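A.B. asks: Please read through the structure below; I'll follow up with questions.
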Amino acid sequence: MDAHAHGGHSGPDGHGGYHEEQHIHPDPTTFLRKYVFSMDHKVIAKQFIWLGLAFLFIGGTMAMMIRWQLAYPGEPFPVIGKWVFAGSNGIVSPSAYTSLFTMHGTIMIFFAITPIMIGGFGNFCIPLMIGARDMIFPLLNMLSFWMQMISSGVLIASFFVPMGAAAAGWTSYATLSTNIGTPGWGQTMWAISIFLAGISTIMGAVNYITTVIRLRAPGMGYFQMPLTVWGLWLTAILNALFVPVLGAAGILLIFDRTFGTHFFMTGTMIKGGGDPLLFQHLFWIFGHPEVYILILPAWGVVSDLLAFFSRKPAYAYKVTALSMVAICVLSAVVYGHHMYVTTMSPLLGEGFMVLTMIISVPAMVLFLNWMKTVWKGSMRLTSPMLFSLGVVFVFGVGGLTGLYLADIPQDLYLHDTYFVVGHFHMTMAAAVFLGSFASIYFWFPKMFGRQFSEGLAKLHFWLSFIPINIIFCSMLVIGNAGMQRRLYNPNDYEMFKHMHPLNRWISMWAFTLFFGQIPFIYNFFKSVFAGKQAEMNPWQVGTLEWSIPSPPPHHNFDEIPHVIHGPHEYNNPAVTTKDWLGQAEEIPGTGGGAAVSKPAN
Amino acid sequence: MTALNDIVPFRAPRRRSDTNSFVGMLIFLGTWAMMFGALFFAYAEVRLKNAEWPPSGEAPLPIALPLLNTIVLMLASVALGFALKAVRTAHPGGLRLGLFGALVFGSLFLALQMVVWRSIYLGGLKPSTDIYGSVFYGLTCFHALHVLVGLGGIISLLPGALSGKFNVQRHASVRHWVMYWHFVDVVWVLMFVTVYVL
Ligand code: HEM
Ligand SMILES: [Cu+2]
């Protein structure tokens with residue numbers, strides 16, 4: 001017990017001075033310091049989540065406009081159309097359509113998912129779950145948020161410049177994204193905004209990686225960390241390695257657009273031209289790891305939640321963690337599968353094909369471990385659990401579609417069809433969407449210290465889960481039938497005309513999904529401001545954040561905890577009074593907890 | 001004891017928070033290395049696409065002045081290494097000397113770089129001439145921006161060095177800027193080899 005004593009005790013890994021180093025600072029008192037320029041990771045997490053949710057709404061509204069145009073081409077968009085598309089009588093014009101799908105993708109990836117899962121839950125969960133008082137560099141943390149705000153400002157401003165926002169797709173392939181394809185400021189501002197968002201992400205990543213390496217509470221080895229922290233940490237590592245590559249692509253694009261360089265332009269007129277494909281290389285060297293950057297936090301959260309709500313230790317915890325590591329490593333060497341149709345050498349293509357398919361092996365291991373975790377568990381179907389099971393389902397379906405795309409002969413047909421759109425929405429959009437809500441509902445009591453309505457949350461789950469599956473599975477079907485992505489009006493083409501009913505069907509369900517978020521919005525706002533006081537540990541789980549009050553005090557832990565168990569200590573036969581055990585909690589009735597045998601399971 | 005001290009120079013034990021920021025700085029430099037790595041990738045890619053280099057038959061870039069400049073930048077790094085060693089062995093005078101030296105060499109580097117850009121620009125190679133110009137101006141300007149930031153960093157250290165704020169125990173920010181400069185220096189050497197020599 002005296003291991004808890006104040007002062008320079010050393011953790012098992014030999015570092016001393018956890019307490020001297022993590023002083024308890026007095027609570028900030030002014031409004032500005034407390035809510036605006038706060039350096040408290042919990043406040044910054046909330047700021048990121050509010051920002052991300054706002055952009056989720058904007059990006060979602062854009063998706064509705066896209067789907068409206070595909071369902072009712074040439075008809076004015078209802079209600080807000082006459083303001084948004086004032087120049088074209090409320091009709092989504094071709095140029096507006098191109099901007100819409102470009103900005104929808106950009107916003108969802110860099111301004112919705114990234115802030116919510118990485119900026120928000122990365123910030124909230126990492127220090128709390130590893131038993132730290134804050135991030136290791138609080139000032140950097142604050143700057144990271146404000147950099148993201150500046151970047152968001154530039155992005156929003158780009159809608160109002162002459163010739164409108166960027167319109168070269170979220171992938172911004174050259175030469176579409178050079179001055180030839182998209183003159184005007186919009187595309188340049190896109191590049192600047194992405195660069196700044198990248199800086200913000202890198203600041204966050206440096207902070208997260210260092211925090212996990214240096215601030216784990218005594219006793220918490222890497223393999224005692226919750227899988228959530230594993231997911232967030234690996235995401236941060238991938239971010240640190242690959243976001244700079246996107247940054248480089250952005251810089252070169254800015255050079256090309258403003259200083260007249262020729263990195264991405266070539267042609268018979270220019271001797272010694274650059275290479276448009278260079279942009280695709282740089283983009284996908286970043287872009288493929290990026291898809292795992294986005295999904296890894298959700299994987300981590302789901303791996304934990306499935307164990308928490310099955311009341312069982314996560315099956316093969318170490319294997320799960322290590323297969324996430326393996327996926328990260330492999331994700332660095334498969335980017336070529338996005339470029340099969342760019343006249344790459346067949347040998348290289350086959351190499352990328354094999355490597356891509358190998359990724360499915362660790363992905364499958366992860367998936368089977370999830371199955372084994374819930375298998376014969378005493379499941380509690382709470383709202384976070386429902387969302388987690390939803391992630392398992394959509395990721396299972398989406399992951400399988402990846403294999404078709406990885407196969408070159410099939411990809412030659414499927415590339416740039418709605419099959420790809422279905423694939424990445426199933427894996428990325430749907431899985432991360434559901435994963436974000438699993439996280440929001442799970443940590444809501446801790447974050448805001450209030451309870452939300454479980455009934456509304458479950459309603460929200462079904463109103464999200466059913467439409468999401470219908471929408472994106474239908475996209476797989478329509479893509480398999482050959483419909484190309486990014487078409488303004490597919491009905492203009494004889495061969496796509498007969499698909500109009502299916503397009504309309506997808507749109508109907510998309511609108512359902514959009515309005516299905518109303519229970520969430522109502523529930524969220526009502527509970528944040530007027531929910532009942534939440535308990536300290538409403539879900540009865542053992543990770544460290546649940547051993548302190550909800551919401552946690554400014555300095556999180558009065559005493560830095562001394563960790564003696566793994567994160568999923570359920571139904572330990574040595575514990576007779578309850579079915580869970582805190583990570584820093586000694587087995588009730590025994591003198592010391594250090595020599596605990598692993599539970600049979 | 002003295003014998004041991006002769007072999008292993010004395011170093012004050014590092015505070016935990018210094019190690020923290022050291023680790024953070026290493027990770028940051030790692031990310032930034034990826035950014036420059038991507039730029040070198042771009043260079044390699046366009047080199048592979050162009051059988052002739054320089055492509056439009058223009059004169060290759062000069063080597064003599066840039067080589068001199070490379071040495072100047074290395075001297076800035078050496079000066080900073082000297083400064084770090086001085087603060088670690090409690091020689092505040094050496095710290096000041098090293099920082100001033102680095103400031104002088106760093107500024108000289110930018111001045112000489114200005115001369116190189118000017119003469120090449122007047123010689124007719126512009127960023128928009130062809131990919132040769134794009135690569136040359138794009139990479140060197142982006143690097144020069146980093147030197148500029150590094151100079152700002154040294155200037156930010158000067159008040160502390162002059163007022164004796166840094167001592168054997170507390171000099172983390174000196175160490176970070178020295179790391180940053182070494183990094184910028186290594187990048188420059190690679191850039192010199194690729195952009196000018198090869
Ligand atoms: C077993 C796993 C997976 C395999 C084998 C796989 C394979 C592929 C392939 C071959 C493509 C290129 C299709 C084309 O453009 O023709 C692709 C596209 C894509 N995948 Fe996956 N994928 C997998 C999992 C994932 C996951 C987990 C995510 C996201 C979290 C994801 C997100 C994406 C995105 C965003 C695109 C393309 C975006 C675009 O072109 O705009 N994939 N995938
Ligand atoms: Cu990929």
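A.B. asks: Limited to the range A:543-569, what total is found for residues that are outside any loop (DSSP other than H, G, I, E, B) and either assigned by TED's automatic domain parsing to the domain that holds A:K446 or out of contact with any Leu (no Cβ under 8 Å at 6 or more places or on another chain) (or both)? Before you say what the answer is, go through the steps one by one.
C.D. replies: Of the range A:543-569, the ones outside any loop (DSSP other than H, G, I, E, B) are A:544-547.
Filter once more, so that each one left must be either assigned by TED's automatic domain parsing to the domain that holds A:K446 or out of contact with any Leu (no Cβ under 8 Å at 6 or more places or on another chain) (or both): A:546-547.
Qualifying residue count for the region: 2.
A.B. asks: Could you tell me how many of the residues in the range A:336-350 are within 11 Å of ligand 2 (Cβ to nearest atom) and in a helix (DSSP H, G or I)?
C.D. replies: Counting residues in the range A:336-350 that are within 11 Å of ligand 2 (Cβ to nearest atom) and in a helix (DSSP H, G or I) gives 3.
A.B. asks: Oh, and also: Looking at the range A:341-352, is at least one residue surrounded by fewer than 24 Cβ atoms within 10 Å (Cβ to Cβ) and either more than 30 Å from B:K49 (Cα to Cα) or near ligand 1 (Cβ under 10 Å from one of its atoms) (or both)?
C.D. replies: Filtering the range A:341-352 down to residues surrounded by fewer than 24 Cβ atoms within 10 Å (Cβ to Cβ) leaves A:341-352.
Keeping just the survivors that are either more than 30 Å from B:K49 (Cα to Cα) or near ligand 1 (Cβ under 10 Å from one of its atoms) (or both) gives A:341, A:352.
Yes, the range A:341-352 contains at least one residue that is surrounded by fewer than 24 Cβ atoms within 10 Å (Cβ to Cβ) and either more than 30 Å from B:K49 (Cα to Cα) or near ligand 1 (Cβ under 10 Å from one of its atoms) (or both).
A.B. asks: If only one of A:V302, A:V245, A:V319, A:V291 is closer than 24 Å to A:A197 by Cα, away from chain B (no Cβ under 14 Å) and touching a residue at least 12 places away in the same chain (Cβ under 8 Å), which one is it?
C.D. replies: Values: A:V302 fails: closer than 24 Å to A:A197 by Cα; A:V245 fails: away from chain B (no Cβ under 14 Å); A:V319 fails: closer than 24 Å to A:A197 by Cα.
Going through A:V302, A:V245, A:V319, A:V291 in turn, just one is closer than 24 Å to A:A197 by Cα, away from chain B (no Cβ under 14 Å) and touching a residue at least 12 places away in the same chain (Cβ under 8 Å): A:V291.
A.B. asks: Inside the range B:42-65, can you point out the residues that are within 14 Å of chain A (Cβ to nearest Cβ) and not in a loop (DSSP other than H, G, I, E, B)?
C.D. replies: B:A42, B:Y43, B:A44, B:E45, B:V46, B:R47, B:L48, B:K49
A.B. asks: Considering the range A:304-318 alone, what residues qualify as being more than 20 Å from A:N537 (Cβ to Cβ) and not basic (K, R)? Explain how you work it out, then say what you get.
C.D. replies: From the range A:304-318, those more than 20 Å from A:N537 (Cβ to Cβ) are A:315-318; that's our starting set.
Residues satisfying the conditions are A:Y315, A:A316, A:Y317.
A.B. asks: For the range B:63-77: of the residues being free of Cβ contacts under 8 Å to residues at least 60 places away in the same chain and surrounded by fewer than 15 Cβ atoms within 10 Å (Cβ to Cβ), which is nearest to B:W188 (Cα to Cα)?
C.D. replies: B:I71
A.B. asks: Just checking, does the range A:290-312 include any residue being under 21 Å from the mean Cα position of the chain (by Cα), within 16 Å of ligand 2 (Cβ to nearest atom) and of a type in the set (D, E)?
C.D. replies: Within the range A:290-312 (the criterion being under 21 Å from the mean Cα position of the chain (by Cα), within 16 Å of ligand 2 (Cβ to nearest atom) and of a type in the set (D, E)), the answer is yes, since at least one residue qualifies.
A.B. asks: Check B:L68, B:L39 and return the single one that is assigned to a helix (DSSP H, G or I) and facing chain A (nearest Cβ under 9 Å). I'd like the intermediate steps shown before the answer.
C.D. replies: Details: B:L68 fails: facing chain A (nearest Cβ under 9 Å).
Answer to the check: B:L39.
A.B. asks: Right, here's the next one. Regarding A:K372, is this residue within 26 Å of A:T543 (Cα to Cα) and either within 14 Å of ligand 1 (Cβ to nearest atom) or in a loop (DSSP other than H, G, I, E, B) (or both)?
C.D. replies: On the way: within 26 Å of A:T543 (Cα to Cα): yes; either within 14 Å of ligand 1 (Cβ to nearest atom) or in a loop (DSSP other than H, G, I, E, B) (or both): no.
It is false that A:K372 is within 26 Å of A:T543 (Cα to Cα) and either within 14 Å of ligand 1 (Cβ to nearest atom) or in a loop (DSSP other than H, G, I, E, B) (or both).
A.B. asks: State which residue pairs qualify: first residue on the phi > 0 side of the Ramachandran plot and inside the range B:84-97, second residue surrounded by fewer than 21 Cβ atoms within 10 Å (Cβ to Cβ) in any location, beta carbons under 8 Å apart, and separation of 6 or more residues or different chains.
C.D. replies: Correct list of pairs: B:A90/B:N167; B:A90/B:V168.
A.B. asks: Condition first: surrounded by fewer than 23 Cβ atoms within 10 Å (Cβ to Cβ) and in a helix (DSSP H, G or I). Now tell me which residues in the range A:214-233 satisfy that.
C.D. replies: A:R214, A:Y222, A:F223, A:Q224
A.B. asks: Any idea which of A:M428, A:M379, A:M385 is within 7 Å of ligand 1 (Cβ to nearest atom), touching a residue at least 60 places away in the same chain (Cβ under 8 Å) and of a type in the set (A, V, I, L, M, F, W, C)? I'd like the intermediate steps shown before the answer.
C.D. replies: Values: A:M379 fails: within 7 Å of ligand 1 (Cβ to nearest atom); A:M385 fails: within 7 Å of ligand 1 (Cβ to nearest atom).
Going through A:M428, A:M379, A:M385 in turn, just one is within 7 Å of ligand 1 (Cβ to nearest atom), touching a residue at least 60 places away in the same chain (Cβ under 8 Å) and of a type in the set (A, V, I, L, M, F, W, C): A:M428.
A.B. asks: Going through the range A:322-335 one residue at a time, which ones are in a helix (DSSP H, G or I), within 16 Å of ligand 1 (Cβ to nearest atom) and more than 14 Å from chain B (Cβ to nearest Cβ)? So that I can check it myself, show each step before the final result.
C.D. replies: At the first step, the residues of the range A:322-335 found to be in a helix (DSSP H, G or I) are A:322-331, A:335.
Cutting the leftovers down to within 16 Å of ligand 1 (Cβ to nearest atom) gives us A:323-331, A:335.
Hits for the range A:322-335 are A:S323, A:M324, A:V325, A:A326, A:I327, A:C328, A:V329, A:L330, A:S331.
A.B. asks: Only one of (1) within 14 Å of chain A (Cβ to nearest Cβ); (2) crowded, with 16+ Cβ neighbours inside 10 Å fails for B:Q113. Which number is that?
C.D. replies: Among (1) within 14 Å of chain A (Cβ to nearest Cβ); (2) crowded, with 16+ Cβ neighbours inside 10 Å, the lone unmet condition for B:Q113 is (1).
A.B. asks: Based on what the data block shows, is A:I254 within 16 Å of ligand 2 (Cβ to nearest atom), within 14 Å of chain B (Cβ to nearest Cβ) and either surrounded by fewer than 24 Cβ atoms within 10 Å (Cβ to Cβ) or part of a helix (DSSP H, G or I) (or both)?
C.D. replies: Working: within 16 Å of ligand 2 (Cβ to nearest atom): no; within 14 Å of chain B (Cβ to nearest Cβ): yes; either surrounded by fewer than 24 Cβ atoms within 10 Å (Cβ to Cβ) or part of a helix (DSSP H, G or I) (or both): yes.
No, not satisfied.
A.B. asks: Continuing with the same structure: Inside the range A:309-360, can you point out the residues that are of a type in the set (V, I, T) and touching a Leu at 6+ places or on another chain (Cβ under 8 Å)?
C.D. replies: A:T320, A:V325, A:I327, A:V333, A:V334, A:V341, A:T342, A:I358, A:I359
A.B. asks: Sticking with this structure for a sec: Got a sec? Which helices (runs of 4 or more DSSP H) wholly within the range A:380-483 have at least 3 residues that are in the same structural domain as A:S527 (by TED's automatic domain parsing) and away from ligand 2 (no atom under 16 Å from the Cβ)? Write out each step before concluding.
C.D. replies: Working: elements: A:383-406, A:408-414, A:418-424, A:431-448, A:454-480.
Per the criteria, A:383-406, A:408-414, A:431-448, A:454-480.
A.B. asks: Small (G, A, S) and either over 21 Å from A:G169 (Cβ atoms) or within 16 Å of ligand 1 (Cβ to nearest atom) (or both): is that true of A:G300 in this structure?
C.D. replies: Details: small (G, A, S): yes; either over 21 Å from A:G169 (Cβ atoms) or within 16 Å of ligand 1 (Cβ to nearest atom) (or both): yes.
Here the answer is yes, as A:G300 does meet what is asked.
A.B. asks: Have a look at A:P289, A:P297, A:P226, A:P244 and point out the one that is in contact with a Pro (Cβ under 9 Å, 6 or more places away or on another chain) and at pLDDT 95 or above.
C.D. replies: Being in contact with a Pro (Cβ under 9 Å, 6 or more places away or on another chain) and at pLDDT 95 or above holds for just one of A:P289, A:P297, A:P226, A:P244, which is A:P226.
The values are calculated or read from the model by the stated rules, or taken from the named source; none is laboratory data. Remember, it's a predicted structure, so these values are computed and weren't measured experimentally. Using ideal geometry, Cβ is built from the backbone for each residue, glycine included, and neighbour counts are taken over all protein chains shown.
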